[in-house]
Every structure is written in C-alpha cells, then in structure tokens.
1. Please name all residue pairs, on different chains or six or more residues apart, with Cβ atoms under 6 Å, provided the first residue is in the range 19-44 and is over 17 Å from Gly57 (Cβ atoms) and the second residue is of a type outside the set (Phe, Trp, Tyr) and assigned to a helix (DSSP H, G or I).
2. Being buried (at least 17 other Cβ atoms within 10 Å of the Cβ) and either modelled with pLDDT under 85 or basic (Lys, Arg) (or both) is the filter here, so list the residues in the range 57-78 that pass it.
3. Within the range 12-36, count every residue that is in contact with a Lys or Arg (Cβ under 9 Å, 6 or more places away or on another chain) and not polar (S, T, N, Q).
4. Since Leu54 meets every condition but one in (1) assigned to a strand (DSSP E or B); (2) at pLDDT 75 or above; (3) surrounded by 15 or more Cβ atoms within 10 Å (Cβ to Cβ), which condition does it not meet?
5. From the list Gly29, Gly22, exactly one residue is within 19 Å of Phe64 (Cβ to Cβ) and among the small types (Gly, Ala, Ser). Which is it?
6. Confirm whether Arg42 is in a helix (DSSP H, G or I), surrounded by fewer than 14 Cβ atoms within 10 Å (Cβ to Cβ) and either modelled with pLDDT of 85 or more or among the charged types (D, E, K, R) (or both).
7. Considering the range 99-118 alone, what residues qualify as being in a helix (DSSP H, G or I) and at pLDDT below 80?
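The values are calculated or read from the model by the stated rules, or taken from the named source; none is laboratory data. Nothing here was measured: the structure is a model prediction, and the numbers come from that model. Glycine gets a Cβ as well: all are built from the backbone with ideal geometry, and neighbour counts include every protein chain shown.
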Amino acid sequence: MRVLDIGSGAGDVAFLAAELVGRSGEVIGTDTAAAAVTAAMRSARRARFLPRILSRGDPAEMQFDRSFDAVIGSMCCSFWPTQLRWCANWRDMLEPGLVVFHEPDWLAARSLPPVPTYDRCWGG
C-alpha cells in the first residue's frame, strides 16, 4: 500500500502506518511545521522506520506523482482553515481505498471524573 499521512507532526502515526504496510509499502508523511518534520526525520533515522517525512505546506496545494491507497491523519483537520480545499485535493489523489482520520470533538470535551480547571478551559 501507498499511504499519505496528513499533518504528521513528530511522525508517530506515519511510523505506525509504516509498520502496517511493511517494506513493500510506502508511507509519505506531511506537515507544515519545519521543526516537526526535522524531529520526525531524526526519529525515523534512529528507529530505521520507512516513512518519508516531507514538509509540503498547505495540504490543499500538495502535488504527488502517483495516487495513494490510503489517506490518514490524526489531530490535524481542526487546525487548518482550508479543510474543504485539502479534502478535495487528496480525494483526487486517492485510488478507491481507505480514509482514516482521528479527530477530537472540541465541543464535547469534558473530563471524567470532573476536573473543574479543565472543564472551564473548554467552556463546560
């Protein structure tokens, strides 16, 4: 499988995907933060992981030479103002395949058991 990880950060999700696809697969992680990309590349070299971590800027503008079998991401959708544009962009890069995003529901964020300071931060 060829997998695109949007908003890779330090690369944790890209590393998990690389373990799943194995040596015959390819994982390309992307992030806009140069410091995150540097940290992810350093971790990948130390651990000998397979993902290539690239800093490509706004996901709505990314271009790749081939399509992907899966597009994944974690905790990234709510941080980009161009979500609809970048969803349309990677949809065009995706062969019929898998789309997996792990995102928080910020409107329902509460602590259990209740922690008053945390709940006040989220307006609860």
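1. Val27/Ala14; Val27/Ala17; Val27/Ala18
2. Listed by number, the residues that qualify are Pro59, Met62, Cys76, Cys77.
3. Restricting attention to the range 12-36, the residues satisfying the condition of being in contact with a Lys or Arg (Cβ under 9 Å, 6 or more places away or on another chain) are 14, 21, 25-32.
Remaining after also requiring not polar (S, T, N, Q): 14, 21, 25-29, 31.
Total satisfying the criteria: 8.
4. (2)
5. Values: Gly22 fails: within 19 Å of Phe64 (Cβ to Cβ).
Result: Gly29 is the single residue among Gly29, Gly22 that is within 19 Å of Phe64 (Cβ to Cβ) and among the small types (Gly, Ala, Ser).
6. Values: in a helix (DSSP H, G or I): yes; surrounded by fewer than 14 Cβ atoms within 10 Å (Cβ to Cβ): yes; either modelled with pLDDT of 85 or more or among the charged types (D, E, K, R) (or both): yes.
For Arg42, the condition - in a helix (DSSP H, G or I), surrounded by fewer than 14 Cβ atoms within 10 Å (Cβ to Cβ) and either modelled with pLDDT of 85 or more or among the charged types (D, E, K, R) (or both) - is met.
7. The first filter runs over the range 99-118 and keeps only residues in a helix (DSSP H, G or I), leaving 106-108, 116-118.
Passing the criteria: Trp106, Leu107, Ala108.
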